[in-house]
Amino acid sequence: MTPRRCATNGRASRLNGRASRLNGRSAMREPPLSNCERRFLLRAVREGKRLDGRQCYDYRNVRISFGPDRGCCVVELGRTRVLGQVSCELVPPKPNRATEGILFFNLELSPMAAPGFEPGRQSELLVKLNRLIERCLRNSKCIDTESLCVVAGEKVWQIRVDLHLLNHDGNIIDAASIAAIVALCHFRRPDVSVQGEEVTVYSPEERDPVPLSIHHMPICVSFAFFQQGTYLLVDPSEREERVMDGLLVIAMNKHREICTIQSSGGIMLLKDQVLRCSKITAVKVAEITELIQKALENDQKVRKEGGKFGFAESIPNQKITAFKMESAAVDTNNVEEQAEEIITKADPPSEVFATPILHTPGTAQIGEGIESSWGDLEESEREEEGESDAAAFECQRMETEDTSTISKAKDEPIVLSDSEEEEVVILEPQEVPNKTRTQTTLKQENTSKKAFNKRRRKKRTAR
């Protein structure tokens, strides 16, 4: 029994190893950085330089755009893009918190953002990011969950925040936290009325939706440390994250209240380093909070005025792959007067020549009232024409001579006489067919034309 069990265990281990290798092959991993790239990045950090031209404490540009529906937004942190969508539904409350609503956060990392992310699998990075977002937004009590209660112990609102990473270029947690808080501030839940045990949910057409009760806006700011905390960078990019030794994330609101703090990477930070990072975080959070409030105000203003809003309107015209021009107002008043002024100020028209103007030889001018005429030929072409005329004249002269001789032969008989003999023989000439004569003349004409064409081609090629 023991050898058989060992054999079966060995087969199972081999099968498991083979399956693990197949799973590893199916997952596309990002290519690792070469030693040259790693040394280059670390040297740039030591010199206080970054690949995108930023300084050590500079934050990338943040851009916020809203979708057509409430609670939908896209946050761009440099080239890192996160889509946030908020939804709600009535559910029974938790047993230990009967008068509080439920907040649920879900971050998804798809291969669309980076080839190293695997679909449908909870990676270690994804678990860490989800926990950090929950600590930043739910544990900090930024939303009044008691206002989400409809009927105590029976019906409460469950607010679900779905975050999708569209493009990964580093610092996912900062972009995700901004997208989550912006989507929550932009969201409106349906209005509800309770009459006895009956709960009525009104549509947006019947009653205006109700915004969520938000106390403060916690925002995460990330710091990357290099060479055991010697060098510090704010908002690291994707390549900088690969060579960093540790990461410090601080979540803070504009009131300088720290909501959460997390350090990873196994580096030992001093108290002065943490205090310096907290001061930088306070400045960055104040700037980002002001940007969020302005974006929300602008969107609210556009929706009230009935203007165009949504993702398509937020895209600049330069990025759309179609020719699009803004409409310009045209003033059609006093058009005739302006036209007369332009005509009077303009120069008088040039003189009209009745004869064609030939700028260069071999050209022609065609227009109304003027006959089409070609320019003077060059000397070479004149010589060719003269030769052709002479050849034609010779052909005509030969034809006339032949015809004259034939006519004389017809009229007068040919007499051959010899003084030594007395006999006189009168020979009448036989009629020579005209076909032979015409054939010879045609051959001569063809040969002359061919020679003329050859000479003309040679002169053209020589030019």
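See the values below:
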{"item": "Filter pass, Ser193 being open to solvent by less than 10 Å² (accessible area, probe 1.4 Å), among the polar types (S, T, N, Q), touching a strand residue (DSSP E or B) at 6+ places or on another chain (Cβ under 6 Å) and outside any helix (DSSP H, G or I)", "result": "no"}
{"item": "Hits in region 126-160 - residues which are in contact with a strand residue (DSSP E or B) (Cβ under 7 Å, 6 or more places away or on another chain) and assigned to a helix (DSSP H, G or I)", "result": "Leu126, Leu129, Asn130, Leu132, Ile133, Glu134, Arg135, Cys136, Leu137, Thr145, Leu148"}
{"item": "All positions within region 301-318 that are polar (S, T, N, Q) and either at pLDDT 90 or above or loosely packed, with under 13 Cβ neighbours inside 10 Å (or both)", "result": "Asn317, Gln318"}
{"item": "Count of residues meeting criterion [of a type in the set (A, V, I, L, M) and assigned to a strand (DSSP E or B)] in region 161-178", "result": "4"}
{"item": "Those residues of region 161-188 which are within 30 Å of Asn96 (Cβ to Cβ) and open to solvent by 40 Å² or more (accessible area, probe 1.4 Å), in sequence order", "result": "Arg188"}
{"item": "Positions within region 216-229 being of a type in the set (S, T, N, Q) and open to solvent by 10 Å² or more (accessible area, probe 1.4 Å), in sequence order", "result": "Gln227, Gln228"}
{"item": "Condition check for Gln158: at pLDDT below 90 and over 20 Å from Glu76 (Cβ atoms)", "result": "no"}
{"item": "Of all residues in region 230-283 being of a type in the set (D, E, K, R), outside any helix (DSSP H, G or I) and on the phi < 0 side of the Ramachandran plot, the one that is least open to solvent (accessible area, probe 1.4 Å)", "result": "Asp245"}
{"item": "Count of region 128-160 residues which are open to solvent by 50 Å² or more (accessible area, probe 1.4 Å) and not charged (D, E, K, R)", "result": "2"}
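The values are calculated or read from the model by the stated rules, or taken from the named source; none is laboratory data. All of these numbers come straight from a predicted model, not from anything done at the bench. All Cβ positions, glycine included, derive from the backbone under ideal geometry; neighbour counts span all protein chains shown. Only protein heavy atoms, including side chains, enter the accessible area calculation; ligands, DNA and RNA are left aside. Shrake-Rupley method; radii C 1.70, N 1.55, O 1.52, S 1.80 Å.
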